[in-house]
1. Let me confirm something: among GLY117, GLY217, which residue is near the ligand (Cβ under 9 Å from one of its atoms), open to solvent by less than 60 Å² (accessible area, probe 1.4 Å) and in contact with a Phe, Trp or Tyr (Cβ under 9 Å, 6 or more places away or on another chain)?
2. Quick one: in segment 139-149, of everything that is in contact (Cβ under 8 Å) with a residue 12 or more places away in the chain and open to solvent by 40 Å² or more (accessible area, probe 1.4 Å), which residue is farthest from the ligand (Cβ to nearest atom)?
3. Within segment 44-149, considering only strands (runs of 3 or more DSSP E) that don't extend past its boundaries, which have at least 1 residues that are farther than 28 Å from LEU242 by Cβ?
4. Mind checking which residues of segment 126-138 are away from the ligand (no atom under 15 Å from the Cβ) and in contact with a helix residue (DSSP H, G or I) (Cβ under 9 Å, 6 or more places away or on another chain)?
5. For residues that are within 6 Å of the ligand (Cβ to nearest atom), of a type in the set (A, V, I, L, M) and not in a strand (DSSP E or B), tally how many sit in segment 182-199.
Amino acid sequence: MERFSGKVVFISGGAKGQGAEEARMFGSENAKVVITDILDEPGTLLQKKLTSIGIDCLYLHLDVTKESEWEKAYAETLSKFSKVDILVNNAGIVSRNSITETSLEEWENVLKINATGSFLGTKLAVPIMQEIGGGSIINISSTGGLVSSPTLGAAYASSKAAIHLLTKTTALQYAKDNIRCNSVHPGPIATDMLDEITSNPEMLELYEQKIPLGRLGKPEEVAHAVLFLASEEASFITGTELIIDGGMLAQ
Ligand SMILES: NC(=O)c1ccc[n+]([C@@H]2O[C@H](COP(=O)([O-])OP(=O)(O)OC[C@H]3O[C@@H](n4cnc5c(N)ncnc54)[C@H](O)[C@@H]3O)[C@@H](O)[C@H]2O)c1
């Protein structure tokens, strides 16, 4: 399939994990891909790897908490690829502390990267998309942005819940400009973010028991959903959420 011929995709936090898989899968369907992250070494290596398999891609340094870096990254994207059709607000960090264990500094840092980062990416992408007559924004939230549990990190859950309604607000405010915006809510996915769990067999078993499909998800299983929402197949889908969690929230 080549659903993204002529499309430019911009991914935050794309040097590794789910973002890197999305970069590869968008590229393999002919998109031009802009990978951004604060991890310049893996980001540059990924750009080289994708270029070597024929994907037209660019790696740019971007700390999502800094508005000036978003402006610079979009300016460089416009100069190389002329437009941005699809934005994936994927960059994120996790914190697993309870409310009383969370320092103000940790709270603000998690909110800033996860929620403010998605806000800035969206705010600056909208005028670019308005200019070209439309676009698609996919925000990576979490099952933790929809329901809570006593063990869920307070700052993480709050930041991912903010992304959930940022998504619906974006969808409603810019539907008139043919800009669609949807959120994706992964359950536990086997990336570095879950190292603490995957490196501990007992903890991993406990986790897997809570998942009806009995295993962690894979990055490509989230990426398939992101590509679908970005594609023309989802042309009447906006302001909604797609849960990819092996059945966890159905319980
Ligand atoms: N892995 C899971 O179980 C899981 C579950 C639900 C949601 N998510 C979400 O999926 C997204 C991708 O996470 P992942 O699982 O691939 O983990 P990951 O840790 O492999 O990837 C996260 C990426 O975000 C980047 N990042 C962190 N801070 C940044 C900043 N200030 N500016 C730019 N980039 C920054 C990291 O460098 C990294 O490349 C995150 O938003 C995460 O919260 C993950």
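The values are calculated or read from the model by the stated rules, or taken from the named source; none is laboratory data. From a predicted model like this one, the values you see are computed outputs, not experimental measurements. No Cβ is skipped: glycine too gets one built from the backbone with ideal geometry, and neighbour counts run over all protein chains shown. To get the accessible areas, we keep the full protein, side chains included, count just its heavy atoms, and leave off ligands, DNA and RNA. Shrake-Rupley method; radii C 1.70, N 1.55, O 1.52, S 1.80 Å.
1. Working: GLY217 fails: in contact with a Phe, Trp or Tyr (Cβ under 9 Å, 6 or more places away or on another chain).
Answer to the selection: GLY117.
2. Residue satisfying both the conditions and the ranking: VAL147.
3. Values: elements: 57-61, 86-89, 135-140.
Output list reads 57-61.
4. If the condition is that a residue be away from the ligand (no atom under 15 Å from the Cβ) and in contact with a helix residue (DSSP H, G or I) (Cβ under 9 Å, 6 or more places away or on another chain), then VAL126, ILE128, MET129, GLN130, GLY133, GLY134, GLY135, SER136 are the ones that fit.
5. Selection size over segment 182-199: 2.
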